[in-house]
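A.B. asks: Got a structure for you, written out below as C-alpha cells; questions coming shortly.
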Amino acid sequence: MTGFYKRTASTLAVIALGVALASPVEAIPAFARKYGTSCATCHVAYPRLNAFGVAFKNLGYRMPADDEDLVKNEPVKLGSDGYKRVYPDAIWPGDIPALPPISFRANATYRSNPTLAGTRDVDNDFQAPQNFFVLLGGTMGERWSFFHHGHLISNGETGYGVARLFARYDGLFNKKGWYMKLGLFEPAVVGQSAFNLLGTRNYAMNQFSFNTGTEFESAAGHHGGALALGRTQRGVEVGAITGDGRVNWAVGMVNGNGSETSVDSNSFDVNSRKDFYGRIAYKHGGLRLDGVVPEDDTSTSDKNWQERSVTFGGFAYIGDNSRPDTDLATVGIEDVTQYERYGFDLDWRRDDLEVLAAYMWATDDLHRQVVRTRFDREYRIGFAEASYVVNPTFIPYARYEFIDRDPTVGDLDRYIAGAVFMMRANLKFNLEGFREPKGNDTLLMSLDWAF
C-alpha cells in the first residue's frame, strides 16, 4: 500500500466511495473550516464525494481516527468530562462548534434549447441565480451530529424552504458503526443520491412517479400520485456496517408523504400508516466500509479518488399514501395510493474510471374512489453512468437512462453527456447536454460556488 492511503492510514483511515447506506449528504465548507483543510479533501468535484469524504460522512462527520487531534477550531465544551463518571446525577457533557457551522452554495445557469426555436416557448435564457442553498452541519459531543439543508432560492423561486434537517446518533447499542437518524432526510434506500451528483440532472429513478405524459422527470412528490423514491422523508432510520467492514445495511420507517402535511393541522402525515424500506450492500475489494485499510491492500494509489472495487446493493420500499377525500360531500371516502419498489445497483471503480448502474421494478395501485377509477401501473427504470478523472480539474461523464412504461403511453429514454471543470476547490464550471423524449435537446452551462 502506497501513496495517499499509506501516509494517512494511521490517522485518517478511509472507506471507499461506494453505495453508502447512511443517507448521502455533502461534506460542506463548514467542515473544511473546522479542520483547516481544502474542500478537495472530501470531494472529487463537489458535491460528489471521494473515498475520504464518504468515510467522514459515514462516521457522523468525524475523521475515521484521532478526530479530536485534527480539529483546528476547538469546540466549546458544555460541561466537564468528569460529569460522565457521575451520570445521571449530572448532565452528560457535550460540545457545540466554536464557529457558526454554516455554509452557502449557489449556482447560475445559461440554458439553450434549440429544438424550441420558432415556437412560442423560450428557447434560451439566463437562470441566475438558479439556486441558493444554506447548509449547516456539525457534531455535538462524541456521538451526536446534525445536518440542515435549506434554500433561499430553489430553481428560481424565492422563499425559504427546508430539504433536510435531521439529528444522528452514532454508536447505537454501544456498537461501532451502528447509527440512528431522526428527522427529515433522504432515505438510505436511495443508492445514487440527488445530493452526490457530478452533473445537473438528478437520476430519474429518484424523481419519477408514473404519469402519462412525456416528461422524463415528473414532480418529485406524492400528491395525487405514487412515490418519487428519492424524496426526503420524515421518519427514523437505523443502519450499521457489519461483516468485517464489508457489509452495509439500513432499515427505516417514514411517513411516506415527503415534506407535505395533512389536511389535519395537527398531523404531519396524511394517514396513520407508515412506509417501510430496507437496503443492504456488499463491497468487494478496496478499502473496508468501516474505515479500515486492509493490511494486504494493493488496490489504492497516491491519488485519493482512485480505487479498485465493486459494490453490489439491493433495496426494497413498500408504502401507502392513501388519503381521505377533502370534498365535504364525500367525507369518509378514501383515495388509495399504494406502491412498491424493488431494485439493485452497482458501483464499479477501476482507477480513474467509475461506472454506476441501477435497475428498479415499480408498481403503483392508484384507486380514485370518488370518480370510480383505478390505475394499476407497472414500470421499470434503469440507468448506466460512466465518469473518468482525466486530472483533478477535468472530469467528463455520460449517462443513459430509460423508463419502460405501459405500452399505451410509451417508453422514455434520456441521454446525458457533460464535463466538470474545477476552477478552484470551491468553484466549478459545468457543461452539460442532454436529449429527452420528442427530441428535446438542451445545453446547459452552469457556474457553481460554495463558501
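A.B. asks: If you go through region 398-415 one residue at a time, how many are over 15 Å from Phe208 (Cβ atoms) and either more than 21 Å from the chain's Cα centre (by Cα) or buried (at least 20 other Cβ atoms within 10 Å of the Cβ) (or both)?
C.D. replies: So the answer is 3.
A.B. asks: If only one of Tyr83, Tyr179, Tyr169 is touching an Asp or Glu at 6+ places or on another chain (Cβ under 7 Å), aromatic (Phe, Trp, Tyr) and more than 19 Å from Pro47 (Cα to Cα), which one is it?
C.D. replies: Only one candidate qualifies: Tyr179.
Here's the yes/no breakdown for (1) crowded, with 19+ Cβ neighbours inside 10 Å; (2) on the phi > 0 side of the Ramachandran plot; (3) at pLDDT below 90:
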site	(1), (2), (3)
Phe133	yes, no, no
Gly137	yes, no, yes
His149	yes, no, no
Pro187	yes, no, no
His223	no, no, yes
Ala226	yes, no, yes
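A.B. asks: Same structure, new question: Based on this model, can you work out whether Asn304 counts as modelled with pLDDT under 85 and more than 30 Å from Met253 (Cβ to Cβ)?
C.D. replies: For Asn304, the condition - modelled with pLDDT under 85 and more than 30 Å from Met253 (Cβ to Cβ) - is met.
A.B. asks: May I pose another question? Across region 305-318, what is the total count of residues that are surrounded by fewer than 24 Cβ atoms within 10 Å (Cβ to Cβ) and in a strand (DSSP E or B)?
C.D. replies: Qualifying residue count for the region: 7.
A.B. asks: Sticking with this one: In region 107-137, what residues are more than 25 Å from the chain's Cα centre (by Cα) and aliphatic (A, V, I, L, M)?
C.D. replies: Of everything in region 107-137, those that are more than 25 Å from the chain's Cα centre (by Cα) and aliphatic (A, V, I, L, M) turn out to be Leu116, Ala117, Val122.
A.B. asks: Would you list the strands (runs of 3 or more DSSP E) that sit entirely within region 406-451 and hold 1 or more residues that are polar (S, T, N, Q)?
C.D. replies: In region 406-451, 427-436, 440-450 are the strands (runs of 3 or more DSSP E) which contain 1 or more residues that are polar (S, T, N, Q).
A.B. asks: With the condition kept exactly as written, say whether any residue in region 114-123 is farther than 14 Å from Met445 by Cα, touching a residue at least 40 places away in the same chain (Cβ under 8 Å) and either exposed (fewer than 15 other Cβ atoms within 10 Å of the Cβ) or touching a Leu at 6+ places or on another chain (Cβ under 6 Å) (or both).
C.D. replies: The answer is yes; a qualifying residue exists.
A.B. asks: Going by the structure shown, is Gly382 more than 22 Å from His43 (Cα to Cα) and at pLDDT 90 or above?
C.D. replies: yes
A.B. asks: Right, another one. Please determine, by comparing only the residues of region 237-257 that are more than 12 Å from Asp275 (Cβ to Cβ) and among the aliphatic types (A, V, I, L, M), which one is modelled with the lowest pLDDT.
C.D. replies: The qualifying residue modelled with the lowest pLDDT is Ile241.
A.B. asks: Same structure again: Checking the conditions here, which among Gly150, Gly159 is among the small types (Gly, Ala, Ser), part of a strand (DSSP E or B), farther than 17 Å from Tyr277 by Cα and over 16 Å from the mean Cα position of the chain (by Cα)?
C.D. replies: The conditions single out Gly159.
A.B. asks: Looking at region 369-377, can you tell me whether even one residue there is among the aromatic types (Phe, Trp, Tyr) and modelled with pLDDT of 75 or more?
C.D. replies: no
A.B. asks: Of the residues that sit in region 420-432 and are hydrophobic (A, V, I, L, M, F, W, C) and crowded, with 19+ Cβ neighbours inside 10 Å, which one is nearest to the chain's Cα centre (by Cα)?
C.D. replies: Of everything passing the filter in region 420-432, Val420 is nearest to the chain's Cα centre (by Cα).
A.B. asks: I would also like to ask the following. Tell me yes or no: at least one residue of region 70-78 is under 32 Å from the mean Cα position of the chain (by Cα), surrounded by fewer than 16 Cβ atoms within 10 Å (Cβ to Cβ), of a type in the set (D, E, K, R) and modelled with pLDDT of 80 or more.
C.D. replies: Scanning region 70-78, I find at least one residue that is under 32 Å from the mean Cα position of the chain (by Cα), surrounded by fewer than 16 Cβ atoms within 10 Å (Cβ to Cβ), of a type in the set (D, E, K, R) and modelled with pLDDT of 80 or more, so the answer is yes.
A.B. asks: Hey, any hits in region 159-175 for a residue that's of a type in the set (Lys, Arg), under 27 Å from Tyr359 (Cα atoms) and either out of contact with any Pro (no Cβ under 6 Å at 6 or more places or on another chain) or at pLDDT 85 or above (or both)? Working first, answer last.
C.D. replies: Going through region 159-175, the residues of a type in the set (Lys, Arg) turn out to be 164, 168, 175.
Restricting the remaining residues to those that are under 27 Å from Tyr359 (Cα atoms) gives 164.
Then keep just the ones that are either out of contact with any Pro (no Cβ under 6 Å at 6 or more places or on another chain) or at pLDDT 85 or above (or both); that gives 164.
The answer is yes; a qualifying residue exists.
A.B. asks: Could you tell me how many of the residues in region 402-424 are of a type in the set (A, V, I, L, M), more than 11 Å from Pro437 (Cβ to Cβ) and in contact with a Pro (Cβ under 9 Å, 6 or more places away or on another chain)?
C.D. replies: Result for region 402-424: 4.
A.B. asks: While we're looking at this one, here's another question. Find the residue count for region 395-451, including only residues that are touching an Asp or Glu at 6+ places or on another chain (Cβ under 6 Å), closer than 21 Å to Pro114 by Cβ and of a type outside the set (Lys, Arg).
C.D. replies: 2
A.B. asks: Given the conditions (1) surrounded by fewer than 21 Cβ atoms within 10 Å (Cβ to Cβ); (2) touching a strand residue (DSSP E or B) at 6+ places or on another chain (Cβ under 8 Å), report the number of the one that Phe208 does not fulfil.
C.D. replies: For Phe208, the exception is condition (1).
The values are calculated or read from the model by the stated rules, or taken from the named source; none is laboratory data. Just so it is clear, the model here is predicted, and its values are computed rather than measured. Methodologically, a virtual Cβ is constructed for each residue, glycine included, from the backbone with ideal geometry; neighbour enumeration extends over all protein chains shown.
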